Amino acid sequence: MPASEQLAIYPGSFDPITNGHLDLIRRASKIFHHVVVATLRHETKDPLFTTEERMEMITQATSDLPNVSVDSFDGLLVDYAREHGARLILRGIRAVSDYEYELQMALMNRQLSTELETLFIPASEQYSYLSSRIVKEVSRLGGDVSALVPASVLARLIEKHSNL
Ligand code: PNS
């Protein structure tokens with residue numbers, strides 16, 4: 001693992017990863033020596049994709065980025081960051097409406113660990129409306145989401161919804 005100042009953790013549900021997430025990962029990979037995309041194993045949130053499926057899709061979508069790795073975690077994010085010697089958490093902000101929730105999480109994480117800093121990265125404008133939830137809904141109802149998700153995700157979404 002690289003030195004803590006050079007290591008950034010990008011946590012999320014990624015159910016599934018979208019082009020908006022991917023855009024942020026690409027931009028972050030140019031700034032930090034190493035970016036770990038950390039997928040939450042939240043069994044309670046009833047995700048469409050299993051943790052393994054979500055990790056596989058992220059791994060495929062980031063295979064051209066050598067300084068990006070994919071992992072999963074459960075429990076507190078601050079504990080995961082501490083275990084990996086990381087001090088930076090990245091979160092994307094799409095619109096002002098994201099800010100309140102993100103600030104709440106960032107401040108709670110700082111309360112839990114003063115060593116941890118959260119960096120907010122503005123989403124690119126073409127993805128500012130995009131979310132995993134909306135992608136799943138449109139796909140489930142037969143809409144075309146091919147411009148919104150990586151190819152690996154598109155195939156799995158179609159497969160998943162044809163089996164539902
Ligand atoms: O993609 P999401 O669902 O917005 O990601 C949310 C995530 C995974 C970053 C957040 O739920 C999280 O960090 N969960 C781990 C539990 C935790 O540490 N909670 C306290 C922070 S408020």
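The values are calculated or read from the model by the stated rules, or taken from the named source; none is laboratory data. As the structure is a prediction and not an experimental result, all values here were calculated from the model. All Cβ positions, glycine included, derive from the backbone under ideal geometry; neighbour counts span all protein chains shown. All accessible areas refer to the heavy atoms of the entire protein, side chains included, with ligands and DNA or RNA removed. Shrake-Rupley method; radii C 1.70, N 1.55, O 1.52, S 1.80 Å.
When Leu40, Leu65, Leu76 are checked against the criterion of being touching a residue at least 24 places away in the same chain (Cβ under 8 Å), closer than 22 Å to Pro122 by Cβ and not polar (S, T, N, Q), Leu65 stands alone in meeting it. Of all residues in region 90-117, those satisfying the criterion of being modelled with pLDDT of 95 or more, open to solvent by less than 30 Å² (accessible area, probe 1.4 Å) and of a type outside the set (A, V, I, L, M) are Gly92, Glu102, Asn109, Ser113. Count of region 43-62 residues, restricted to those that are touching a residue at least 12 places away in the same chain (Cβ under 8 Å) and within 17 Å of Leu22 (Cβ to Cβ), is 10. Which of the residues belonging to region 93-120 are more than 9 Å from the ligand (Cβ to nearest atom), touching a strand residue (DSSP E or B) at 6+ places or on another chain (Cβ under 7 Å) and within 19 Å of Val35 (Cβ to Cβ)? The answer is Ile93, Leu116, Glu117, Thr118, Leu119, Phe120.
Scanning region 3-30 for residues that are open to solvent by 30 Å² or more (accessible area, probe 1.4 Å) and either at pLDDT below 95 or over 15 Å from Ala61 (Cα atoms) (or both) turns up Ala3, Glu5, Gln6, Ser13, Lys30.
Figure legend. Inter-residue proximity from region 110-137: first residues free of Cβ contacts under 8 Å to residues at least 24 places away in the same chain and over 30 Å from Ile158 (Cα atoms), second residues within 13 Å of the ligand (Cβ to nearest atom) and open to solvent by less than 80 Å² (accessible area, probe 1.4 Å), beta-carbon distance below 7 Å, spacing 6+ or different chains. Indicated pairs: Arg110/Leu116.
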